[in-house]
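Below is one structure, written out as structure tokens; the observations come after it.
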Amino acid sequence: MKEISSSEFEKEVLEGGKVVLDFYSTECPPCEALAPKFENLSNLYGKDIKFVKMFRQQNKPLAEKLGVKSSPTLLFFDNGVQLPKTFSGGIKRSDIIHQLDSMLPAERVREIKKLIKPSVSEYDVIILGAGPGGLTAGLYLCQSKVNTVLVDIALPGGQVSTTHSVSNYPGFIEPQPGYMLSHNMSEQTKQCGTVYKVAVDVTMIDLEKKEVVIDEFETIKAKKIIIATGTSPNLMGVPGEKELKGKGISYCATCDAKYFGDKEVVVVGGGNSAVEEADFISKFASKITMVHQFDAFTANKQAQEKLFANPKISTLFEHEPRSFVREGDKIITEVENLKTKKISKLFSDGVFVFIGMKPNIELFKDKLELDKWGYIKTNEDMQTSMPGVYAVGDVISKKYRQITTAVADGTIAAIAIAKELD
Ligand SMILES: Cc1cc2nc3c(=O)[nH]c(=O)nc-3n(C[C@H](O)[C@H](O)[C@H](O)COP(=O)(O)OP(=O)(O)OC[C@H]3O[C@@H](n4cnc5c(N)ncnc54)[C@H](O)[C@@H]3O)c2cc1C
């Protein structure tokens, strides 16, 4: 793989046949996560597609001209023409492979696939999920000299990295941006020496054998597994939601509120997340209508007082969305008045849904004892019903799901495991 500068762009990329170009930066965790995958794929596809990389900070005018706004960004070229597909952020190996395959004849792709050699690595502990729970367990295990690998389908940080501001994590006088708090947690664990395998596809988990397969070819074996996979937002399950998800309907204010400057939005929900996030969205949006099924919010008093004092926010209690339809630039939310059963329409530029979370247990739900809501049952050492398998953080059965409780669980599991392995 070759490192090039802007002056070589014409010769190496535009006249280079089939090319993939990686714009990277230093001090960039997603770039670090991409580097081994890019290297590995250049060995596989290198005879057919040229792999080059360019340091973005030193080649800014070209990067901007090519529409590159963040690092890493992968661009693809075929005989001097830039292909429409680009990737940035936490880039998965499977996404790059898909794009590379589309640039080659099917016969050649089959030959390349035959070259993929399965690999096996062994650790003491596999942690699934690099949110606060998993990162804390990783830190404690590493400091106890337990050989640990952290596996995540996304970049490290978990839900905290998409939380705009955290004011209740002890040790910080001022509220912290969620992405900074999670970045610091992740760097602390990484610097200790825990191995990271992030932005990967977890294709198989065998809890009994303590084996995890990532990206289809890499098997990781261990003596213990910690499940720290957290939760995902619940969907409403009403017509139009799936179609408009990511196209006007969002589940993350930190990620998407900025796109609604001076626009009108609907916020669905009435718990702490909905009320706090509505307040955050009001920094951008001109008008917010909150739709909640009950006659009062369930969020804490302080958050409610702030919301009721916000002139941009109005509330529709005892209403529930029944469907979402796009009409031109607007989304029509059909809401039912639960008392009168009357249906009315709300016109907005976007919809945010905060109606609770569900545990991420898809790959192992039949193997472990769960509570009636699907959360993993653990004992006081965070051990699950299967020997050698622990679970921590939001994915376990418990009353309060917070960063502090997730890091506490991670601490307990790690100390218990370190003692057992001793
Ligand atoms: C909008 C919002 C605001 C919040 N604000 C606060 C706050 O101000 N203060 C507070 O204390 N708490 C807050 N919370 C709660 C807090 O974020 C969680 O309690 C905490 O993040 C839980 O940590 P965790 O490690 O258990 O899970 P998560 O943070 O959910 O991390 C789970 C990780 O597992 C990964 N994963 C999922 N499936 C797999 C798989 N199959 N294999 C591998 N990895 C997988 C995910 O990609 C993710 O990185 C907020 C939550 C939300 C949604």
Legend entry - 43 Å tail of the calculated P(r), the chain, as % of Cα pairs: 20
Legend entry - Projected label distance in nm at residue 294 and residue 372, using a 7 Å step from Cα toward the beta-carbon: 1.8
Legend entry - Label-reachable residues, the stretch 277-320, where backbone N falls under 20 Å from a point 7 Å from residue 262's Cα toward its Cβ: 281-289, 311-313
Inset, instruction - Excluding residues on the same chain fewer than 8 positions from residue 283, give the aspartates and glutamates whose Cα lies under 14 Å from its Cα. - result: 256, 262, 264
Legend entry - Hull shadow area, averaged, the stretch 283-422 [alpha-carbon convex hull, nm²]: 12.4
Inset, instruction - Among 106, 21, 130, flag the residue with its Cα farthest along the positive direction of the charge dipole of the chain, charges on Cβ as +1 for Lys/Arg and -1 for Asp/Glu. - result: 106
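Below 8 Å between Cα atoms, with a sequence gap of 6+, how large is the relative contact order for the chain in percent?
Relative contact order here is 14 percent.
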Legend entry - Unit Cα scatterers, Debye sum, the stretch 132-231: log10 I(q)/I(0) for q = 0.12 Å⁻¹: -0.42
Inset, instruction - Please list, in chain and number order, the residues 5+ apart from residue 268 or on another chain whose amide H is under 5 Å from its amide H, with Hs placed from the backbone. - result: 291, 352, 353, 354
Legend entry - Length-normalised contact order for the stretch 241-355 - Cα pairs under 8 Å, 6+ apart - percent: 32
Inset, instruction - Identify the residues of the stretch 388-417 with backbone N under 15 Å of a label point that sits 7 angstrom from the Cα of residue 143 along the Cα-to-Cβ direction, or state none. - result: 407-417
Legend entry - Distance histogram for the stretch 2-114 (every C-alpha pair counted, 10 angstrom bins, percent rounded to whole numbers): 14, 50, 31, 4, 0
Legend entry - Phi to ³J(HN,Hα) by Karplus 6.51 cos²θ - 1.76 cosθ + 1.60 over the stretch 44-52, Hz, x for Gly, Pro: 6, 9, x, 6, 10, 10, 7, 9, 10
Inset, instruction - List every residue whose amide H lies under 5 Å from the amide H of residue 87, counting only residues 5 or more places away in sequence or on a different chain, with H placed 1.01 Å from N in the peptide plane. - result: 74
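Could you give the dipole magnitude of the chain about its Cα centre, charging the beta-carbon of Lys and Arg +1 and that of Asp and Glu -1, in debye to the nearest 20?
Details: 53 positive and 55 negative charges, 76 e Å.
It comes to approximately 360 debye.
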Inset, instruction - Mind checking which of 35, 76, 314 is farthest towards the positive end of the chain's charge dipole, using Cβ charges of +1 (Lys, Arg) and -1 (Asp, Glu) about the Cα centre? - result: 314
Legend entry - For 343, 355, order by how many other beta-carbon atoms lie within 10 Å, fewest first: 343, 355
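Looking at the calculated P(r) for the stretch 124-189, what percent of the C-alpha pair distances fall above 19 Å?
31
Any read-out appearing in this document is the output of simple, stated calculations on the displayed coordinates, not a laboratory observation. Since the structure is predicted, the reported quantities are computational estimates derived from the model, not experimental observations. Cβ atoms come from the backbone with ideal geometry, glycine included; neighbour counts cover every protein chain shown.
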